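Down below is the structure, laid out as structure tokens.
The values are calculated or read from the model by the stated rules, or taken from the named source; none is laboratory data. This one's a predicted model, so the numbers in the text were calculated from it and none came from an experiment. All Cβ positions, glycine included, derive from the backbone under ideal geometry; neighbour counts span all protein chains shown. Note: accessible area is taken over every heavy atom of the protein model, side chains too, but ligands, DNA and RNA are not part of it. Shrake-Rupley method; radii C 1.70, N 1.55, O 1.52, S 1.80 Å.
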Amino acid sequence: MELKKYQLRVLDEAKTWLTELAKQQALGNKHAALDAWENVRVPGRRYAERRNGLGKDMPNFCLKVPTGGGKTLLATQILGLIYSTILEKRNGAGLVLWVVPSDQIYKDTLKALRDRNHFYRFSLEHAVSRRVEVWEKHEIARLTPTQLNGSLHVLLFKLASANRETKDQLKMFQDSGGNIVMHFPAEDDSDANKALQQKFPNMEMLAADEAKGEFLLKTSLANLIRLNEPPVILDEGHKAYSDLARKTIEGFNASMVVELSATPRDESNILCRVSGKELLEEGMIKLPINICNSNEGRWENCLSKAKLKREELGKIAEKHYDKTHLEIRPIVLVQVERVGKDQRDAGLIHAEDVREYLMQRLGVSETEIALKTSEKDDIEGINLLAEGCRINWIITKAALQEGWDCPFAYILVSLNNAGSAQSMTQLIGRVLRQPFAEKTERDELNESYVYCLRQRADAIANDVKKALEKEGYEDGDGSVVDKSGERQAVEKQSSFFRNEFKALYRPFDGKIYLPRFCVRYGAGYEGLDYFQHLIGQVDVEKFHYDQLNWDLSDEMDKAKDFFYRATIGVRLDAVGVEESGYHETDDVVKAWLVASLPYDYFSFKQLRIVVENFAGRLCEVNPALKGRLGLVKFTLRNKCREFIETETDRLAEAAFDRLLEKDRLCFYLECVECRFQIPSSVEIRKKPRLRHNDDSEVAKSLFDWVERESLNEYEANVALVLDKHPEVLWWYQNKVGKDSFAIQGYRKNRIHPDFVVQNGKDEKPVARVVVVESKGQHLSGNPDTEYKRKIAGHFEKIGKEVSWQKLGEGFDKQEFRFQILDQGPYDGWKDELNKLLHH
């Protein structure tokens, strides 16, 4: 995952201030944070100074980022900046406090930071260049000084657990045992205890008797925190402004406080602001919100409409998966009025009423429905984004109002007959996050949907506006669409060939053809078909099973239960390790693998051969695996999919190469299946046109209207260079879709080049058409780009060697080229494009 533009901007702004702050601190400035703030001219209100429990300047700032903007990701990167500037001497090690306001945010943050494969964890380790360990309060007693000095340790806790008035009742303020005692002087060393207390005057003491010379520090978690002067990440920082909350954070001797908030308090030191517009432009959120306000009054009908919408989105998501292999499973959130066991007969809409209606009347499977209430939590511990998860409906009253985010949540159904939209708008933020933080090609998957009952349109619009503001989206950041009836069609129009270009192709009735790979058989030709000509030649028995050398000992080792014993005065001891229960036989696991592999172009028999050979080889490499496949069945499935796809590509490529070697792969435009006709008109949305920097219109596009929004920044630059190039007669933007030009290679998914360019001279076409695939700098050199480059080479080779009269009458001198155009770090792509067009 790459950082978005606004995230890079935020980090650059934070780095500027932190660098100046480090400079001021190095000079011994007691007002370093304030002076640094003024020196870098941070806009907005004057910086508000704070002091920590030692009386030292406590730098603090806020990142204002709306819901869905990646605050946690930014926090991991900010920690890296802190440890490379003001805390540089700590070498990325030590203690960090990560404070959250609620149970849900606590669970989600803990899960993400502890998952070594999660991007947040990877981002943090990369940012601080250190190993990272994540702790909860009840575990931290195991932390030793050696561990503390050797890596970065994140202590996660809820603010409520540390800012109560009755501190003496809190475990973190109580004297503790375990390894915590190793961080403090020995009990019988009063001088050392006194010296440390003088250095940290706010550390709590068990004994402080000057007359007797007795001094003993509490070996508490709170004192350990004070001793380390940690940086603090304060999630939902606007909730930590009570006097007690502020004193608690300051009392931990924080060296830096970073607030994360969508709606910061007026007194916050806002260093960086992110607007909702920036998130929308980067594809981070699903806006606009489409509201279906039903006046029928029956909640059952409202629910039925939501089901139809979910099915519609599901079909679109399936097509999206076919193109991208990114699964989106639209989820519906249903807000009811009652959830308690004894509240069903209160005359209000109850969660069980909704569940039964979904199952009995709408045909929804029980496994697709989950309840999320204070009493019952069916989604606890479930990864809703995982392939194979079947939950499509979540019924709640208010349990999802804060801290819960699932990008697959697209539809909110508010079954509230009370005549107020207020409770509904509290859940709006839960359906805003965009899957994979990236817009799709289908607008329907880039928007969110709300279904409600008998609300006034103006009241809904006003309440939704307030809800967006609550999530950090200022006025104007996103549009709200009231939908009391059917979905209004977005205004569209058609774009046609420019007349001056259409006239050039009169011998072909104004039609323009492009070649695709075709296969020669005898005297006939047919279009290259991935399944017939390539997959049909794949023999699964020729997979390189002997090259499977995966060591699964680590995965098997993790599949264990660890047992410990603890008692007073004795350190924690491991007393035993037992293998996790695995009740499935190897044959059952192999049958499950065959059934769960998503390759319908292989027969059941072929998949069984693959699984048998795959499992057999891995048991040879890992002798301990035999008879225990059930321990690592999900790892085996992932590995098997990876192996099948790699080997399938290898053998399909070999089949493709054989067609080339036997001169069976060619171009032949007289074969209808072997050619592509550029449509004479395309449907476009009525959006702003692509224009040059001097505001002049493009003149050489094949069609009379090119939408600016359909091109990314690099593609737009390529298009504008083509438009000004003297050797270009016309250029055509090839959009992805069933009506676009695509080249079949030896992989399943076809290649959709970005541009088709007709060379020209004296306003007439010359015998050269260039197909261009533009690749941004971040994609240069990746496997997909290299695959496309290889196919481009074959395309061009055939274009040069084929007997061109066989392309069809009138194409006897035509030349076709296919080029991958890498963006590169500078403007070198322009030189490459010039060379391509000159040749």
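Of the candidates Leu34, Leu27, Leu18, the single residue that is within 30 Å of Arg131 (Cβ to Cβ) and either open to solvent by 10 Å² or more (accessible area, probe 1.4 Å) or within 36 Å of the chain's Cα centre (by Cα) (or both) is Leu18. Restricting attention to the range 96-108, the residues being open to solvent by less than 10 Å² (accessible area, probe 1.4 Å) and not aromatic (Phe, Trp, Tyr) number 4.
The residue list Leu73, Leu87, Leu63 contains one member that is modelled with pLDDT under 95, closer than 27 Å to Lys199 by Cα and aliphatic (A, V, I, L, M), which is Leu87. Of note, Asp353 satisfies the criterion of being at pLDDT 85 or above and either under 21 Å from Ser596 (Cβ atoms) or crowded, with 16+ Cβ neighbours inside 10 Å (or both). The residue list Val490, Val450, Val480 contains one member that is under 30 Å from Glu281 (Cβ atoms), modelled with pLDDT of 70 or more, of a type in the set (A, V, I, L, M, F, W, C) and within 29 Å of the chain's Cα centre (by Cα), which is Val450. Does the range 651-688 hold any residues that are among the basic types (Lys, Arg) and either under 30 Å from the mean Cα position of the chain (by Cα) or modelled with pLDDT under 80 (or both), and which are they? Within the range 651-688, Arg675, Arg685, Lys686, Lys687 meet the criteria. Looking only at residues that are assigned to a helix (DSSP H, G or I) and under 22 Å from Asp103 (Cβ atoms) in the range 223-257, which one is modelled with the highest pLDDT? Across the range 223-257, the extreme among qualifying residues is Ile225.
Looking across the range 110-165, the residues that are part of a helix (DSSP H, G or I) and charged (D, E, K, R) come down to Lys111, Arg114, Arg121, Glu125, Arg142.
Taking the range 87-124 as the range and being hydroxyl-bearing (Ser, Thr, Tyr) and either under 16 Å from Val258 (Cα atoms) or out of contact with any Lys or Arg (no Cβ under 9 Å at 6 or more places or on another chain) (or both) as the test, the residues that pass are Thr109, Tyr120, Ser123. Given the criteria crowded, with 22+ Cβ neighbours inside 10 Å, over 28 Å from Asn91 (Cα atoms) and touching a residue at least 24 places away in the same chain (Cβ under 8 Å), does Ala240 qualify? Spelling it out, Ala240 is indeed crowded, with 22+ Cβ neighbours inside 10 Å, over 28 Å from Asn91 (Cα atoms) and touching a residue at least 24 places away in the same chain (Cβ under 8 Å). Residues considered: Gly53, Gly68. Of these, the only one that is in a loop (DSSP other than H, G, I, E, B), buried (at least 23 other Cβ atoms within 10 Å of the Cβ) and touching a residue at least 60 places away in the same chain (Cβ under 8 Å) is Gly68.
Restricting attention to the range 31-50 and to residues that are hydrophobic (A, V, I, L, M, F, W, C) and without any contact (Cβ under 8 Å) to a residue 40 or more places away in the chain, the residue that is nearest to Leu279 (Cα to Cα) turns out to be Val40.
If we scan the range 652-669, do we find a residue that is touching an Asp or Glu at 6+ places or on another chain (Cβ under 8 Å), of a type in the set (Asp, Glu) and over 30 Å from Tyr545 (Cα atoms)? No, the range 652-669 contains no residue that is touching an Asp or Glu at 6+ places or on another chain (Cβ under 8 Å), of a type in the set (Asp, Glu) and over 30 Å from Tyr545 (Cα atoms). Being open to solvent by less than 10 Å² (accessible area, probe 1.4 Å) and within 33 Å of the chain's Cα centre (by Cα) is the filter here; which residues of the range 243-260 pass it? Residues satisfying the conditions are Ala245, Ile249, Ala254, Met256, Val257, Val258, Glu259, Leu260.
Within the range 631-649, is even one residue within 17 Å of Gly388 (Cβ to Cβ), surrounded by 17 or more Cβ atoms within 10 Å (Cβ to Cβ) and of a type in the set (A, V, I, L, M)? Yes, the conditions are met somewhere in the range 631-649. Residues that are open to solvent by 60 Å² or more (accessible area, probe 1.4 Å) and under 17 Å from Leu148 (Cα atoms) within the range 115-136 comprise Ser129, Arg130, Arg131, listed in sequence order.
Within the range 209-223, the set of residues being of a type in the set (A, V, I, L, M, F, W, C) and either open to solvent by less than 50 Å² (accessible area, probe 1.4 Å) or at positive phi (or both) comprises Phe215, Leu216, Leu217, Leu221, Ala222. Is it the case that the range 163-179 has a residue that's at pLDDT below 85, more than 25 Å from Thr76 (Cβ to Cβ), of a type in the set (Lys, Arg) and out of contact with any helix residue (DSSP H, G or I) (no Cβ under 7 Å at 6 or more places or on another chain)? Yes, some residue in the range 163-179 is at pLDDT below 85, more than 25 Å from Thr76 (Cβ to Cβ), of a type in the set (Lys, Arg) and out of contact with any helix residue (DSSP H, G or I) (no Cβ under 7 Å at 6 or more places or on another chain). Here Ala141, Ala93 are screened, and the one residue that is open to solvent by less than 30 Å² (accessible area, probe 1.4 Å) and within 23 Å of Met182 (Cβ to Cβ) is Ala93.
Here the condition is being more than 26 Å from Tyr357 (Cβ to Cβ) and at pLDDT below 65; of Gly403, Gly419, Gly472, it holds for Gly403 alone. The residues on offer are Ile316, Ile328, Ile291, and the sole one that is open to solvent by less than 40 Å² (accessible area, probe 1.4 Å), hydrophobic (A, V, I, L, M, F, W, C), modelled with pLDDT of 90 or more and not in a helix (DSSP H, G or I) is Ile328. Determine, yes or no, whether Ala306 is open to solvent by less than 30 Å² (accessible area, probe 1.4 Å), in a helix (DSSP H, G or I), touching a strand residue (DSSP E or B) at 6+ places or on another chain (Cβ under 7 Å) and in contact (Cβ under 8 Å) with a residue 60 or more places away in the chain. Yes; evaluated as a whole, the condition is true for this residue.
Residue count for the range 185-208 satisfying the condition of being within 47 Å of the chain's Cα centre (by Cα) and crowded, with 21+ Cβ neighbours inside 10 Å: 1. The strands (runs of 3 or more DSSP E) located wholly in the range 674-748 include none with 3 or more residues which are on the phi > 0 side of the Ramachandran plot. Residues in the range 267-281 that are at pLDDT 85 or above, of a type outside the set (Val, Ile, Thr), out of contact with any Ser or Thr (no Cβ under 8 Å at 6 or more places or on another chain) and assigned to a loop (DSSP other than H, G, I, E, B): Glu267, Asn269.
Among the residues making up the range 263-289, those that are touching a His at 6+ places or on another chain (Cβ under 8 Å) and either hydroxyl-bearing (Ser, Thr, Tyr) or within 28 Å of Val413 (Cα to Cα) (or both) are Thr263, Ser268. Scanning the range 71-90 for residues that are open to solvent by less than 10 Å² (accessible area, probe 1.4 Å) and touching an Asp or Glu at 6+ places or on another chain (Cβ under 8 Å) gives a single hit, Ala75.
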